[in-house]
1. Of the conditions (1) part of a strand (DSSP E or B); (2) among the hydrophobic types (A, V, I, L, M, F, W, C); (3) crowded, with 19+ Cβ neighbours inside 10 Å; (4) within 16 Å of the chain's Cα centre (by Cα), ILE12 clears all except one; give me its number.
2. So which residues in the range 106-131 are aromatic (Phe, Trp, Tyr), in a strand (DSSP E or B) and at pLDDT 90 or above, if there are any at all?
3. Taking the condition of being assigned to a helix (DSSP H, G or I) and surrounded by fewer than 15 Cβ atoms within 10 Å (Cβ to Cβ), how many residues in the range 20-35 meet it?
4. Under the condition of being surrounded by 24 or more Cβ atoms within 10 Å (Cβ to Cβ) and hydrophobic (A, V, I, L, M, F, W, C), which residue from the range 40-57 is farthest from LYS11 (Cα to Cα)?
5. List pairs: first in the range 48-75 and farther than 12 Å from ASP128 by Cβ and touching a residue at least 60 places away in the same chain (Cβ under 8 Å), second among the acidic types (Asp, Glu) and assigned to a helix (DSSP H, G or I), Cβ under 7 Å, 6+ apart or cross-chain?
6. SER38: modelled with pLDDT under 95, touching a Leu at 6+ places or on another chain (Cβ under 6 Å) and under 14 Å from ILE152 (Cβ atoms), yes or no?
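The values are calculated or read from the model by the stated rules, or taken from the named source; none is laboratory data. Only a predicted model underlies this, so the values are computations on that prediction, with no experimental measurement involved. Quick reminder, even Gly has a Cβ in these numbers, built from the backbone with ideal geometry, and neighbours come from all protein chains shown.
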Amino acid sequence: MCMCVNENLRKIDLAPGYGYAIIPKDWPVLNLADAARSKYVYCGRAMNAMKYGVPPMVVYFSPISYWDIPARDSECDRMDSFYVEYSDACKDAFLHHQVAEEWIRDESGRHICLNRDEWAESFLLFHDGLPIDGAKLPYHESSYKLLDEAHIVRPAGYGYEDEDHVAQVSEENGWEGIYK
């Protein structure tokens, strides 16, 4: 079920027992029909969105936690396929304007991007998990403003499973621990 929270936000129910997502009204949803069966919400953040005429943020509902690393890769691939189908502009940007970074190590061992300027002008779809119950996750700095109001609200008494692990890792090791 999807309903308005205020003039800028909407509430979308997740699978029974998993609460709901609050997202800005202007964020396109790639797979709204899957929301009622999903426990988690991913967001896609498009680098250089205005240049390529695509939405800067999109929402994707998933039964797979963003922190379930082995399963996340296939789920991100599935999200990409929904993104390509969303509009002709999304399809064109995704299929024809992405540039992979090319890295080398110099004599001192530092990583150097050989095509930084070309990459910085290209299209790229970043995948993030939506924060749960107001948690501040390690999003790219430009995402902070966009993600301020978007989050998942779990019902009282919900068992946090992998979300507890993420909080524990962040407190013990800083966010770097999540990505090791």
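1. The single condition ILE12 does not satisfy is (4).
2. PHE123
3. Here the count works out to 2.
4. VAL54
5. Hits for this filter: SER65/ASP162; ASP68/ASP162.
6. Yes; evaluated as a whole, the condition is true for this residue.
Yes/no per residue for (1) surrounded by fewer than 15 Cβ atoms within 10 Å (Cβ to Cβ); (2) among the charged types (D, E, K, R):
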| site | (1), (2) |
| --- | --- |
| PRO70 | yes, no |
| ASP73 | yes, yes |
| TYR86 | no, no |
| GLY109 | yes, no |
| LEU114 | yes, no |
